[in-house]
1. At a 1.4 Å probe, what is the % contribution of carbon and sulfur to the accessible area of the chain?
2. How big, in percent, is the set of alpha carbon pairs in region 318-395 lying more than 18 Å apart?
3. Any chance you could get the radius of gyration and Dmax over the Cα atoms of the chain, in Å?
4. Could you work out the Kirkwood radius for region 531-642, taking every pair of different alpha carbons, averaging 1/r and inverting it, reported in Å?
5. Among all the aspartates and glutamates, which ones have a C-alpha under 17 Å from LYS77's C-alpha, if same-chain residues fewer than 8 places away are not counted?
6. Have a look at ILE199, PRO402, PRO368 and report the one farthest towards the positive end of the charge dipole of the chain, computed about the Cα centre with Cβ charges (Lys/Arg +1, Asp/Glu -1).
7. Could you tell me the accessible area of SER479 in Å² (1.4 Å probe, neighbours in place), rounded to the nearest ten?
8. Can you give me the Cα centroid spacing of region 200-263 and region 176-194 in angstrom?
Amino acid sequence: MMKKILFAALVLALPFSLRAEAVKSLADFQAAAAKANEVLVIPEWPKTPSAVQAEVDNAIKRANSALDTIGKQDLGKVTFQSTVEALDNIQNDAQTAISKTVVVQQTNKDAAMRDAAEKAIKVFQDWAVGVDYREDVYKAVKAYADTKPKLEGEDALLLEHTMRDYRRAGLTLPPEQRVEVEKLRKELAQLETDFQANIVAAKAPVVFTKAELEGVPDSLLESPGVKTGDNSYTVLANVTFQYQAVMQAAKREETRKHLHEVRYNLARDKNVAILNNILAHRNQIALKLGYKSWDDFQTEIKMAKSGAAAKTFIHDLIAGIQPKFAAEVAELRKIKAEETKDPNAQISIWDWRYYQNQLKKEKYTIDPEALRDYFPFQRVLEGMFNIYQSIFGLKFTKIIPPYKWVDDLQLFIVTDAASGQPLGMFYLDMFPREGKFNHFAEFGIIPGKKLPDGKYQRPTVALLCNFPPPQKDKPSLLSHTDVETLFHEFGHALHAIVTKAKYVRFSGTNVPADFVEAPSQMLQNWVWNKKVLDTFAADYRDPAKKIPAETIAKLKEAKLATVGVFYRRQFTFADIDLTLHDVHPEGQPYDCVAASNPLFPKDFLPINPDTAFVAYFGHLVGYDAGYYGYAWADAIAADMATAFENSPDGFLDKVVGMRLRNEIYAPGGSREIDESIRKFLGRERSIQPFLKTLGIETPAKTNGTRPSKESDAGAAKPPTKP
Ligand SMILES: [Zn+2]
């Protein structure tokens, strides 16, 4: 008490803004956490390269010794605590160590620290691969499973998932078959590494004359490396921004067609054979493990649960979006017919970017740069905080971080607004610098978990972003896309922080991969809504000036004008991915090009059949039989958004916000996601709202679930980004 009074006296002398920050200290929050039987720890950050290495080495040592304890126990006395829960405790400790190391690697200003972290991560990864194959540990867990324990809810799920992992790794197979699966997996890993390396290494300079590049902006033509002679310009087909700039702007079809063909043949010489071999390996592994196909193996642990369900979903979307896709292509064709004076002109795969660009220039004149004036960073951040605090019943308090890896690092404590109970912490590292992670993402640091002593460990996360830094004469001004990204990434942070799951395995964003993006995709809708934007977006020079309603309407219109082509292309990639990983007779050779090329004219647009897109399709490693997940999450996001749209306060509705927090975020992966969605929506999920966001009003077939009542959300809203 005394300490508090002294502290308050001190605060009075401080300027107001600082006073607000200093009223509560970390110790106050930790005391509140302790009262609620919780632990709120500030991560201890390694500060030297050797400390980075030691952090991971020690974590591995602790884990190995804990694994030994599991493996050495008397198989007649195994319990839940001594087996599956012990494994989750190991994961908690190891994950915290490696997550911190990843953050060091992505943020530290010292290159030696980043290098040490990178090395430590490699050591950790090599070690982690072997954990699944520890026979002694598996025997102990199996002995416990064999007692057929009567478990419920999250405990039952933890045992089920742990045993499922062992089965998927091949541990339930007879020894000689297991050895074969391990051998195939190792070979597969090497093939996948080679496939990716060939994609990275593929380079294809294409030389054009100025006339051939008619229409292409000078900003590209004059950029370093492009102008390579008096009348010669070298475009790299493998450099995506150069490729896209030409495809969008080159007036001559021959130029676009040629560049496209070069790009769709990148890595072909090596990767076609490698991909065929990869597919054969995956198929063999799946069959040996008792699955019909690799897509069944991959989707088993996702919401889709089977390759067939994923395929039906994608095929339903391809059919569902057909009217919108056909209308857009017809409009592009009309522009092409006029421009080329060929009444029979057709839109091929090398045309859509160019004619979409023409369409946007003619019909949707919006200068996205001018919108930045409405989005000064600090206002946007505070505006987003206000909205999320209000709808999710939370309070964010800024505290001074005991350690900062960069001067402008911020640390916030999240508490439940009603009870004052601390829920977790987040760091904000928002501006670019040399050596820092160069995208936008949320990184977990400490996971949510009920510790063995019964206390709940509250999570800590970090948001690493790269917003434009403030300038001499103006603040950091965000683009509309930046604002959308911030709302999206911060959604992941909240998903992690408000968790109530008991085990690391299910806490926070540890949910199936085809669901994890859905809640954040949904939150992107907020920044397309005038009522929401008006709560914070205002001209930084004159805060009375809000974004005009017509501008928002035009933005939406422009986006809606091209979603048919955008999504049909996405669905085509998903279809290719699932087709390659479908049922395939063992031993029969693969022909990945012959299997995939015909899907372009069928699902999307005509291509030159003598190309090999799949050789350069990097998602086939890592997202194999998983590309459909982008659309899957988008569909769920649009479906979940209807709950807000149909509520009295729309996207600012507190009742629906609390339902999202309690039914989606808090349980995480601790129960079936379909159950969480059902509880949130009050009905089965449906793809109709998604199709509606794409401007399609006629009911199409659904993905096998009961169609929803059409929402009365009004005008179609823009889609979320992939
Ligand atoms: Zn995301």
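The values are calculated or read from the model by the stated rules, or taken from the named source; none is laboratory data. Note that the coordinates shown come from a computational prediction; the quantities given were computed from them, not determined experimentally. With ideal geometry, Cβ positions are generated from the backbone for all residues, glycine too; neighbour counts draw on all protein chains shown. Side chains included, ligands, DNA and RNA excluded: accessible areas come from the protein's heavy atoms. Shrake-Rupley method; radii C 1.70, N 1.55, O 1.52, S 1.80 Å.
1. Values: 17400 of 31180 Å².
In the chain, the share of accessible area belonging to carbon and sulfur is 56 percent.
2. Working: 1881 of 3003 pairs.
Here the tail beyond 18 Å accounts for 63 percent of pairs.
3. When restricted to Cα atoms, the chain yields Rg and Dmax of 27.1, 87 Å.
4. On the way: mean 1/r = 0.0571 Å⁻¹.
Answer for region 531-642: a Kirkwood hydrodynamic radius of 17.5 Å.
5. ASP68, GLU85, ASP136, ASP146
6. Positive-most Cα among the choices belongs to PRO402.
7. Per-residue accessible area (SER479): approximately 20 Å².
8. If we compute the Cα centre of each part, the gap is 40 Å.
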